[in-house]
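Presented below is the structure to which this report refers.
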Amino acid sequence: MAGSSPPSVDVVLRVTAVRKSFGSREVLRGVSFEARAGQLVGIVGENGAGKTTLLRILSGDLRPDDGRVDLLGTRGYCPQHPVLDEELTMRQHLRLFQVAYRLPSPGRALRLIDGLSAARYLDTPVKVLSGGTLQKLNLVLALMHDPDVVLLDEPYQGFDWETYLRFWDLAQELRSRGRTVVVISHLAHDAERLDVLHHLHDGVLGPSPTADTA
Amino acid sequence: MSAYLVATRYALLAMAKNRLAAVLLIAFIPLWITVAKTLTTPKTFPFRLRATGTWLRAGGDEITMISGSLNAVSLLVGFLMFSAARRTRSFDRRLTAAGYPRTALMGAKLTMLLVASVLVSAYATAWMLLFWTPLQPFLLGLAVLAVCLVYGAMGMCLALFLRGEVEGLVTIIMTSIIDLAPQNPVASTTADKPLVELLPSYGSLQTSLAAGFTRDATLSPLLNSTAWLTAMTVTALGAFVLRTRTHQPPRTHHAGS
């Protein structure tokens with residue numbers, strides 16, 4: 001686990017007894033947790049454990065059957081698979097999301113793209129980009145408005161090692177500025193980078209013994 | 001630049017990159033019109049124009065050209081709009097969840113439908129005018145525009161439940177054939193079953209025939225097109241609103257904490 005949390009102890013995300021079923025299959029059976037400002041929270045679990053369902057509920061994409069989600073401030077959501085318009089370029093995506101987030105300039109987005117070594121693809125239609133580059137854009141669209149709570153669903157899929165490390169630098173930078181980052185992963189390799197690690201198993205959340213997820 | 005202008009600009013740019021639609025537009029429409037006009041019989045057929053009840057005579061080649069043009073433009077605009085709606089389905093959801101005004105995106109979609117329909121109908125009408133002088137060319141253009149709008153809106157509706165591009169294209173082609181074939185005066189000189197009036201292209205075909213072979217400004221069949229256009233546009237936009245709903249957790253801003 002990373003060192004002590006920043007001094008702020010504000011709870012910015014509170015998830016209370018969230019339940020979700022798809023047909024007769026109960027995916028989430030009362031998930032509860034809290035995240036504070038400046039925390040890096042990891043959620044791990046086996047394939048099909050409901051991690052993505054949980055994040056989609058936190059992002060507002062899905063409605064829980066029961067329970068509640070309280071979120072303080074703005075939110076950025078990076079879906080598991082890049083959700084982009086294949087006919088547009090990276091720059092056009094940034095422009096659309098600049099409008100969506102009502103940002104006066106795309107400056108932060110361009111810096112993020114640059115930091116992830118993707119600036120040379122800015123004017124390339126995304127349909128010809130590699131999976132890793134698409135994922136960089138997918139991530140930047142979730143971060144470009146500098147949200148208070150960042151929800152990332154396996155955000156480094158397709159990244160090479162160097163970009164993977166840059167991603168964690170970025171996450172640490174967000175954390176140091178008091179942002180809350182919730183990362184979903186099925187890897188436990190990142191455990192030491194996180195402040196809190198939850199394990200989603202059988203539809204409920206518990207503290208994660210590392211061995212369970214390796 | 002406003003949200004509407006940005007969305008419209010990108011929607012039109014993306015539409016312009018649809019290569020299959022471009023090939024269909026540039027090659028298929030002139031080819032259909034040329035084939036219909038040159039290979040079918042110029043022998044005249046008597047037929048009853050259902051909209052006015054009058055009996056007319058017209059060359060089989062001209063009737064086939066009209067029917068073929070409506071067929072070609074409807075599947076082209078239908079495919080174009082289907083393809084765009086299908087491509088942006090998930091992306092629109094993400095954009096609106098991020099705060100993009102839904103009215104701006106809906107406005108962009110309607111603008112795209114209008115622009116595509118005007119361009120395609122003007123192009124197809126111009127090709128028809130190269131071969132033939134209808135009595136009311138402007139009314140003919142209006143009838144072609146109407147079928148483009150109806151099928152464009154239909155393409156948006158089909159994208160609600162058809163996943164693949166091929167599925168959409170085949171469905172649009174089959175619909176256009178089933179729609180136009182029973183109404184073609186060459187095949188059915190009376191087209192006298194009242195149900196014919198319910199077909200999506202009824203308004204355009206009747207108006208085109210009236211434009212080609214009468215001097216009557218017969219606009220009433222276009223009410224049929226208007227009803228189809230309205231029903232399908234409302235369905236497509238209603239579904240867009242439902243699909244882009246977000247289930248926002250209560251959000252407050254930091255209040256001095």
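Just so you know, all these numbers are worked out from the coordinates, no wet-lab data involved. Please read these numbers as outputs of a predicted model, since none were measured by experiment. Cβ coordinates were reconstructed from backbone atoms using ideal geometry, including for glycine residues, and neighbour counts include every protein chain displayed.
Give the aspartates and glutamates whose C-alpha is closer than 18 Å to that of residue A:127, dropping any in the same chain fewer than 8 places away, or say none.
In chain and number order, the partners are A:85, A:86, A:87, B:92, B:165.
Out of residues 5 or more away from residue A:197 or on other chains, whose amide H comes under 5 Å of its own, with H placed 1.01 Å from N in the peptide plane?
Hits under the 5 Å cutoff: A:42, A:208.
So, in nm, how far is label residue B:217 from label residue B:90 when the simple model puts each one 7 Å beyond its Cα toward the Cβ?
5.1 nm
Could you give the dipole magnitude of chain B about its Cα centre, charging the beta-carbon of Lys and Arg +1 and that of Asp and Glu -1, in debye to the nearest 20? Could you put the intermediate results ahead of the total?
Numbers: 21 positive and 9 negative charges, 179 e Å.
Value, rounded to 20: 860 debye.
With an 8 Å Cα cut-off and a minimum separation of 6 or more residues, compute the relative contact order for chain B in percent.
That works out to 26 percent.
For the pair residue B:38 and residue B:242, what calculated FRET efficiency results from E = 1/(1 + (r/R0)^6), where r is the Cβ-Cβ distance and R0 = 60 Å, to the nearest 0.05?
Working: r = 48 Å, r/R0 = 0.81.
Once the sixth-power term is evaluated, E becomes 0.80.
When Cβ neighbours within 10 Å are restricted to other protein chains, what is their mean count per residue of peptide A:77-86?
Details: counts 3, 0, 4, 0, 1, 3, 8, 3, 11, 5.
Mean partner-chain Cβ count within 10 Å for A:77-86: 4.
Could you pull out every one of the lysines with an alpha carbon less than 24 Å from that of residue A:20, ignoring same-chain neighbours closer than 8 positions?
The reachable lysines, counting only those whose Cα sits under 24 Å from residue A:20, are A:51.
With unit charges on the beta carbons (Lys and Arg positive, Asp and Glu negative) and the dipole taken about the Cα centre of the protein assembly as shown, which residue among A:72, B:45, A:103 sits farthest to the positive side?
Working it through, the farthest residue towards the positive pole turns out to be B:45.
Take the alpha carbon atoms of region A:56-125, find their center, do the same for region B:222-236, and report the distance between the two centers in whole angstrom.
35 Å
FRET efficiency for residue B:57 and residue B:198, Cβ-Cβ distance as r, R0 = 30 Å, nearest 0.05? Mind dumping the intermediate values first?
Numbers: r = 27 Å, r/R0 = 0.89.
Approximately 0.65, to the nearest 0.05.
On a 0 to 90° scale, report how tilted helix B:60-87 is relative to the longest principal axis of chain B, with both axes built from alpha carbons and the result rounded to the nearest 10.
So the helix axis and the longest Cα principal axis differ by about 10 degrees.
Is the shape of region B:1-63 rounded, prolate or oblate, going by the alpha carbon gyration tensor and its root eigenvalues a ≥ b ≥ c, with a/c under 1.5 for rounded and a/b larger than b/c for prolate?
Details: a/c = 7.38, a/b = 2.07, b/c = 3.57.
Cα axes put region B:1-63 in the oblate bin.
For the residue pair residue A:201 and residue B:45, what label-to-label distance in nm results when each label sits 7 Å from Cα along the Cα-to-beta-carbon direction?
Each label point is offset 7 Å from its Cα along the Cβ direction, giving 7.4 nm.
Which one of B:174, B:63, B:212 has its Cα pushed farthest toward the positive end of the charge dipole of the protein assembly as shown, where Lys and Arg give +1 and Asp and Glu give -1 at the Cβ?
B:212
Checking the a/c ratio against 1.5 first, then a/b against b/c, what shape does the Cα gyration tensor give for chain A? Present the calculation step by step, with values, prior to reporting the outcome.
Details: a/c = 1.59, a/b = 1.46, b/c = 1.08.
It comes out prolate by the Cα gyration axes.
Residue by residue, what Karplus-based ³J(HN,Hα) values in Hz, rounded to whole numbers, does region B:125-140 have, using 6.51, -1.76 and 1.60 with θ = phi - 60° and x for Gly and Pro?
Residue by residue, region B:125-140 yields 5, 4, 5, 4, 5, 5, 9, 7, 10, x, 5, 10, x, 5, 5, 4 Hz.
If you place +1 on the Cβ of every Lys and Arg and -1 on the Cβ of every Asp and Glu, how big does the dipole about the Cα centre of chain A come out, in debye to the nearest 20? Can you show the working numbers first?
Working: 24 positive and 26 negative charges, 110 e Å.
About 520 debye.
At a threshold of 8 angstrom on Cα-Cα distance, excluding pairs fewer than six apart, so keeping six or more, what relative contact order does chain A reach in percent? Intermediate values should be presented prior to the final figure.
On the way: 428 pairs, mean separation 72.1, N = 214.
RCO, chain A: 34 percent.
With a cut-off of 18 Å, note down the residues of region A:135-149 whose backbone N falls inside the zone around a label point 7 Å from the Cα of residue A:162 toward its beta carbon.
Counting only backbone N, you get A:135-137.
With springs only between Cα atoms under 10 Å apart, run a GNM on chain B and tell me which of B:161, B:47, B:240 wobbles the most.
So, out of B:161, B:47, B:240, the one fluctuating most is B:161.
Does region A:45-95 come out rounded, prolate or oblate by the C-alpha gyration tensor, with a ≥ b ≥ c the root eigenvalues, rounded set by a/c under 1.5 and, if not, prolate when a/b is larger than b/c and oblate if not? Write out the running numbers ahead of the final one.
Numbers: a/c = 2.97, a/b = 1.63, b/c = 1.82.
Because a/c hits 1.5 or more and a/b fails to exceed b/c, region A:45-95 counts as oblate.
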